[in-house]
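For reference, the structure is listed below as structure tokens.
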Amino acid sequence: MLKILGRKTSSNVQKVLWCCGEIGLPFDRQDYGAEFGNTKSPDYLALNPNALVPTIDDDGFVLWESNSCVRYLAMKYGKGKLWPSDMQRAASASRWMDWQLTTATPPVTTLFRAFVRGDKIPPADVEAARVRAEEVWRILDAHLAGNTYVAGNELTVGDIALGNAIHRWYRFPIQHPHYANLQTWYDALCRSPAYKQHVLDSTSGNG
Ligand SMILES: N[C@@H](CCC(=O)N[C@@H](CS)C(=O)NCC(=O)O)C(=O)O
């Protein structure tokens with residue numbers, strides 16, 4: 001059975017759990033990271049030299065980097081669903097995963113550290129992240145004008161990469177511009193039982 005190593009409060013672990021939930025793929029999750037203090041053990045480092053979570057082990061095939069894990073699982077077990085059969089739709093979904101890492105998550109992480117973790121961050125940096133997050137979500141809001149999900153009318157790996165970041169952003173105690181398409185998309189995610197279980201109900205202050 002697929003093994004997932006990582007605490008369920010981690011946003012990156014949640015992507016993998018949600019992906020498995022959508023596919024209906026059974027897994028055995030083991031607690032690693034943060035309060036469990038076990039990612040620097042030689043055994044874990046041999047699997048993932050970054051000492052970060054998640055790491056997956058699929059019948060001896062070990063993989064880390066959450067988006068790569070989601071892509072792999074979707075390609076292997078969710079082809080035609082989470083991983084579209086159409087190459088252009090698959091590329092579009094994959095593009096939104098890269099956008100999540102490079103563009104959406106950095107400002108959201110700064111806000112998360114300031115508002116949820118309580119890290120001491122200079123107010124100017126928090127304000128810059130707030131403004132940047134608005135700009136970033138405006139881009140997705142405009143894209144969603146013609147799409148139910150980020151790569152068309154079906155949920156894909158692109159949505160899975162972004163689902164935690166949008167949930168966090170909506171929870172921050174800041175003013176949220178009315179982005180109608182973004183809100184409709186988030187509402188659609190919230191109707192997924194797997195998203196509810198692995199993202200909405202598992203969120204904590206750990207990151
Ligand atoms: N780019 C990596 C980042 C992994 C990462 O930063 N994971 C965090 C949790 S979200 C972590 O391992 N933090 C330290 C810990 O939990 O011990 C990925 O997407 O998998």
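Taking a probe of 1.4 Å, how large is the accessible area per residue of the chain, in Å²? Working shown, then result.
Working: 9810 Å² over 207 residues.
Counting only protein heavy atoms, the per-residue value for the chain is 47 Å².
Starting from the Cα of Met1, step 7 Å toward the Cβ, then list every residue of segment 7-30 with an amide N under 20 Å from that point.
7-9, 13-30
Sorted by average packing, counted as other Cβ atoms within 10 angstrom per residue and highest first, what order do 116-124, 187-195 take? Spell out each step's value before the answer.
Numbers: 116-124: 10.4, 187-195: 15.3.
Descending packing order for the listed peptides: 187-195, 116-124.
Taking the Cα centre of the chain as origin, sum charge times position over the Cβ atoms of Lys and Arg (+1) and Asp and Glu (-1), and report the length of that vector in debye to the nearest 20.
Details: 22 positive and 21 negative charges, 33 e Å.
So the dipole magnitude of the chain works out to roughly 160 debye.
Mind telling me which of Val13, Val157, Val108 comes out most flexible in a GNM of the chain, alpha-carbon contacts under 10 Å?
Evaluated over the chain, the most mobile residue of the options is Val108.
For Cα pairs less than 8 Å apart in space and 6+ apart in sequence, what is the mean separation divided by the residue count of segment 87-198, i.e. the relative contact order in percent? Display every interim value, and only then the final one.
On the way: 96 pairs, mean separation 37.5, N = 112.
The normalised contact order for segment 87-198 reaches 34 percent.
Would you please state which residues of segment 155-184 a label at Gln88 would reach in this model, taking the label point 7 Å out along Cα→Cβ and a backbone N cut-off of under 20 Å?
155-159
Could you pull out the GluC sites (Glu not before Pro) across segment 125-207 that fall in loop regions by DSSP (anything but H, G, I, E, B) with no more than 16 other Cβ atoms inside 10 Å? List each step's numbers first, then the result.
On the way: sites: Glu127, Glu134, Glu135, Glu154; in loops: Glu154.
Within segment 125-207, the qualifying GluC sites (Glu not before Pro) (loop, at most 16 other Cβ atoms within 10 Å) are Glu154.
Taking H as built 1.01 Å from N, whose amide H comes closer than 5 Å to the amide H of Thr55, not counting residues under 5 places away?
For Thr55, whose amide H was placed from the backbone, the distant partners under 5 Å are Leu5.
On full extension of the chain, what length is gained from Ile139 through Arg191, given 0.36 nm per residue of separation minus the C-alpha to C-alpha distance? Mind dumping the intermediate values first?
On the way: separation 52, 0.36 × 52 = 18.72 nm, distance 2.31 nm.
This chain segment gains 16.4 nm when fully extended.
Taking the Cα centre of each part, how many Å lie between segment 120-145 and segment 18-72?
What the calculation gives is 29 Å, centre to centre.
From the residues Val70, Phe36, Ile56, which one has its Cα farthest along the dipole of segment 2-77 in the positive direction, the dipole being from +1 and -1 charges on Cβ of Lys/Arg and Asp/Glu about the Cα centre?
The Cα lying farthest towards the positive end belongs to Val70.
If amide H atoms are built 1.01 Å from N in the plane of the peptide, which residues on other chains or at least 5 residues away come under 5 Å of the amide H of Arg29?
Close amide H contacts, sequence-distant or interchain: Ile4.
Which of Ala128, Ala74, Ala161 moves the most in a Gaussian network model of the chain with Cα springs under 10 Å?
Greatest mean-square fluctuation among the candidates belongs to Ala128.
Among Gly60, Gly163, Gly146, whose mean-square fluctuation peaks in a Gaussian network model of the chain (Cα, cutoff 10 Å)?
Gly60
Once both labels are modelled 7 Å past Cα along the beta-carbon direction, what's the Glu35-Asn147 spacing in nm?
A separation of 3.7 nm, rounded to one decimal place.
How many nm is it between the label spots at Thr103 and Arg171, if each spot is 7 Å from the Cα in line with the beta carbon?
Going by the 7 Å Cα→Cβ label model, 2.5 nm.
My understanding is that a pair violates if its Cα-Cα distance is over 32 Å; which of Lys120/Lys196; Lys79/Lys196; Lys79/Lys120; Lys76/Lys120; Lys40/Lys79 do that in this structure?
On the way: Lys120/Lys196 30 Å; Lys79/Lys196 23 Å; Lys79/Lys120 44 Å; Lys76/Lys120 42 Å; Lys40/Lys79 34 Å.
Where the Cα-Cα span goes over 32 Å, the pairs concerned are Lys79/Lys120; Lys76/Lys120; Lys40/Lys79.
Counting only C-alpha contacts under 8 Å and six or more residues apart, can you give the relative contact order of the chain as a whole percent? Please report the intermediate quantities before stating the final value.
Working: 277 pairs, mean separation 52.3, N = 207.
With pairs under 8 Å counted, the relative contact order is 25 percent.
Within segment 2-77, what whole-number % of the accessible surface is contributed by carbon and sulfur, with the 1.4 Å probe and all protein chains included in the calculation?
Working: 1780 of 3430 Å².
Taking all protein chains in place, segment 2-77 shows 52 percent carbon and sulfur surface.
The values are calculated or read from the model by the stated rules, or taken from the named source; none is laboratory data. For clarity, every value in this text was computed on a predicted model and none was experimentally measured. Using ideal geometry, Cβ is built from the backbone for each residue, glycine included, and neighbour counts are taken over all protein chains shown. Side chains included, ligands, DNA and RNA excluded: accessible areas come from the protein's heavy atoms. Shrake-Rupley method; radii C 1.70, N 1.55, O 1.52, S 1.80 Å.
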